[in-house]
Structures are given as structure tokens and as C-alpha cells.
Amino acid sequence: MDISNRLKQARMEAGFRSAQEAADRFGWTASTYAAHENGTRGMKPDAIERYAKAFRSDPCFIAFGTQNSKPSIAGVSDRVLREVIQLIMEHDGARDAAPSEIADLIIDLCHYAKQSGGTGLSNIVDFAFARHAGKAG
């Protein structure tokens, strides 16, 4: 996989369906970004850093195909972890849950996401908080 394909992968993992969508969101010149992503134009280190920051990706991955080692929860990506935390904290049940219960739920959902590929997370959050409400009542 070359640098342009890794850039495209980082964009897609960040949730942007197209190069145009990403360029519009971050105010980049669409033709320049598209040329970087399709490999017709090289990228300087500052562009790699800019794209990595925007996509919350590792610049070493985009540039070289390697990852800096960093701790993770249950082996999920930062993107999945953010999604899990957002689902939990936006749920009505989070208001009444103790911080330790929320932390346990985050870890459990990260394990689930790793095994399932992340499908059905919102249903699991609903179930977990319903179970918690049943114990409290």
C-alpha cells in the first residue's frame, strides 16, 4: 500500500465518504487534496501532519505504513473508542450511572467492538443501561 492509499484509508476511517467531502469540511483545496489521495501529486511533511491531525490518524501510518505504539483500550482504534464513549455519554442512562459503571461499560463495549467489528453498539448501550436501571429499581 502506498502513501496515497494510506491517506485514503485514513480519510475513510475518519468517516468521510469522499475526498471532496473531506476537503470541504477542512477548507482544503479539493483538487490538491484529491491529487494527494490519488497519487498524482507528492505530499510534503506538513501536509501529512495536517491530514493526520484532521483524520485523527497517525502521521507515521500515512507516511510510512507504520504505527507509533500507544496504549489502547481492548485493542480498538481511537475512532472506535471515541464512538463508544460518545454513545455512552449521550445515553439518558449515563446521568444516573456511577463513573465506575461507565468506565466498566466503556471497556466492555471496546471488547465487544473488537470482536464484532463495531456493529450494534447502540443496542448494547441501551441494554446495559436498562440492566443498570433494573438493578437500581
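The values are calculated or read from the model by the stated rules, or taken from the named source; none is laboratory data. Being a predicted model, the structure only gives us computed values, none of them experimental. Positions of Cβ are backbone-derived with ideal geometry, glycine not excepted, and every protein chain shown enters the neighbour counts. All accessible areas refer to the heavy atoms of the entire protein, side chains included, with ligands and DNA or RNA removed. Shrake-Rupley method; radii C 1.70, N 1.55, O 1.52, S 1.80 Å.
The table below gives the values:
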| quantity | calculated |
| --- | --- |
| Criterion (surrounded by fewer than 14 Cβ atoms within 10 Å (Cβ to Cβ) and modelled with pLDDT of 95 or more) met by exactly one of G27, G15 | G27 |
| Test: residue in the range 68-75 that is open to solvent by less than 40 Å² (accessible area, probe 1.4 Å), touching a residue at least 12 places away in the same chain (Cβ under 8 Å) and in a helix (DSSP H, G or I) | no |
| Pair list, Cβ < 7 Å and 6+ apart or interchain, from the range 40-61 residues that are part of a loop (DSSP other than H, G, I, E, B) to residues that are open to solvent by less than 20 Å² (accessible area, probe 1.4 Å) and not charged (D, E, K, R) | R41/A35; M43/H36; S57/A10; D58/A52 |
| Residue in the range 109-116 that is touching a residue at least 40 places away in the same chain (Cβ under 8 Å) and under 15 Å from A74 (Cα atoms) present | yes |
| Qualifying positions in the range 78-128 - under 21 Å from S57 (Cα atoms) and loosely packed, with under 13 Cβ neighbours inside 10 Å | R82, Q86, G117 |
| Conditions (1) closer than 25 Å to A10 by Cα; (2) at pLDDT 85 or above; (3) open to solvent by less than 70 Å² (accessible area, probe 1.4 Å); (4) within 21 Å of the chain's Cα centre (by Cα); number of the one not met by M43 | (4) |
